[in-house]
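Heads up: the structure comes next, in structure tokens.
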Amino acid sequence: GNSVTQMEGPVTLSEEAFLTINCTYTATGYPSLFWYVQYPGEGLQLLLKATKADDKGSNKGFEATYRKETTSFHLEKGSVQVSDSAVYFCALSEGAGKSTFGDGTTLTVKP
Amino acid sequence: EAGVAQSPRYKIIEKRQSVAFWCNPISGHATLYWYQQILGQGPKLLIQFQNNGVVDDSQLPKDRFSAERLKGVDSTLKIQPAKLEDSAVYLCASSLEGSRDYGYTFGSGTRLTVV
């Protein structure tokens with residue numbers, strides 16, 4: 001079956017540091033890949049997506065590239081802010097839209 | 001555009017009681033999902049609707065969970081009787097279509113505590 005593995009957290013960074021959150025997946029077909037973010041006290045929000053190999057998704061300064069050869073979709077940001085503190089979920093979707101999620105990575109950014 | 005509405009936000013019940021959650025998706029979204037998120041884990045699919053038909057309910061514990069989506073709009077998820085292990089956040093999400101290329105819009109969730 002499908003699965004998503006994220007780097008374990010929590011991750012603590014200083015403001016303006018470089019962020020990488022690793023995500024690898026196992027899928028039977030050709031999935032689309034997503035990153036969702038959950039800010040404190042809020043619901044999950046779609047952050048970015050990529051629907052085919054070598055596509056790069058980007059939003060709010062975050063980027064992730066769909067790497068089929070390494071089955072990865074790592075999330076990166078060049079300079080994090082305190083407001084980026086949240087839980088980040090990597091997910092894949094196949095077929096009729098059913099999604100499989102990773103267990104989330106908690107990011108804390110300190111001023 | 002209005003988001004996905006869920007109610008209640010919080011619910012505390014005793015084991016063996018019943019509980020129901022309500023969801024109203026974004027207008028025009030044909031696909032509706034219910035996910036269960038246990039603390040420290042990612043969301044797990046319970047059931048997927050396309051309009052008012054069930055697409056996937058393979059992970060729904062049908063001996064105690066039921067869900068319906070009348071008229072292809074809002075949906076209700078019920079648990080009867082509840083167990084301690086049902087304590088979780090129940091998330092409703094909707095999508096324009098049931099396709100792998102569309103992401104979800106999530107509601108704020110209902111946090112259920114079974115004591």
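The values are calculated or read from the model by the stated rules, or taken from the named source; none is laboratory data. Since we're looking at a predicted model, the values are computed, not measured. Because the Cβ atoms are built from the backbone with ideal geometry, glycine has one as well, and the counts that use them run over all protein chains shown.
Only one residue in A:Lys49, A:Lys98, A:Lys56, A:Lys77 is among the charged types (D, E, K, R) and in contact (Cβ under 8 Å) with a residue 24 or more places away in the chain, so which one is that?
Only one candidate passes the filter, namely A:Lys77.
Given the condition within 14 Å of chain A (Cβ to nearest Cβ) and either small (Gly, Ala, Ser) or under 23 Å from A:Ser3 (Cβ atoms) (or both), answer yes or no: does some residue in the stretch B:79-89 qualify?
There is at least one residue in the stretch B:79-89 that is within 14 Å of chain A (Cβ to nearest Cβ) and either small (Gly, Ala, Ser) or under 23 Å from A:Ser3 (Cβ atoms) (or both).
Among residues belonging to the stretch B:5-31 that are of a type in the set (A, V, I, L, M, F, W, C) and over 15 Å from B:Thr110 (Cβ atoms), point out the one that is farthest from the other protein chains (Cβ to nearest Cβ). Walk me through it before giving the result.
First, the residues of the stretch B:5-31 that are of a type in the set (A, V, I, L, M, F, W, C): B:5, B:12-13, B:19-23, B:26, B:30.
Remaining after also requiring over 15 Å from B:Thr110 (Cβ atoms): B:26, B:30.
Working: B:Ile26: 13, B:Ala30: 10 Å.
So, considering only residues that are of a type in the set (A, V, I, L, M, F, W, C) and over 15 Å from B:Thr110 (Cβ atoms), the one farthest from the other protein chains (Cβ to nearest Cβ) is B:Ile26.
Could you run through the stretch B:80-99 and say how many residues are surrounded by fewer than 20 Cβ atoms within 10 Å (Cβ to Cβ) and assigned to a loop (DSSP other than H, G, I, E, B)?
Adding up the residues that qualify gives 7.
Which of the residues belonging to the stretch B:34-55 are out of contact with any Pro (no Cβ under 8 Å at 6 or more places or on another chain), more than 8 Å from chain A (Cβ to nearest Cβ) and outside any loop (DSSP other than H, G, I, E, B)?
Correct list: B:Trp34, B:Leu46, B:Ile47, B:Phe49, B:Gly53, B:Val54.
So that you can scan it fast, the table gives a plain yes or no per residue for (1) surrounded by 15 or more Cβ atoms within 10 Å (Cβ to Cβ); (2) out of contact with any Lys or Arg (no Cβ under 8 Å at 6 or more places or on another chain); (3) of a type in the set (S, T, N, Q):
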site: B:Val4; (1), (2), (3): yes, yes, no
site: B:Arg9; (1), (2), (3): no, no, no
site: B:Ser18; (1), (2), (3): no, no, yes
site: B:Cys23; (1), (2), (3): yes, yes, no
site: B:Ala30; (1), (2), (3): yes, yes, no
site: B:Trp34; (1), (2), (3): yes, yes, no
site: B:Gly40; (1), (2), (3): no, yes, no
site: B:Ile47; (1), (2), (3): yes, yes, no
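Scan the stretch B:56-72 and tell me whether some residue there is in a strand (DSSP E or B), crowded, with 20+ Cβ neighbours inside 10 Å, modelled with pLDDT of 95 or more and hydroxyl-bearing (Ser, Thr, Tyr).
The answer is no, given that none of the residues of the stretch B:56-72 is in a strand (DSSP E or B), crowded, with 20+ Cβ neighbours inside 10 Å, modelled with pLDDT of 95 or more and hydroxyl-bearing (Ser, Thr, Tyr).
Of everything in the stretch B:90-102, what is facing chain A (nearest Cβ under 8 Å) and polar (S, T, N, Q)? Give them in sequence order.
B:Ser95, B:Ser99
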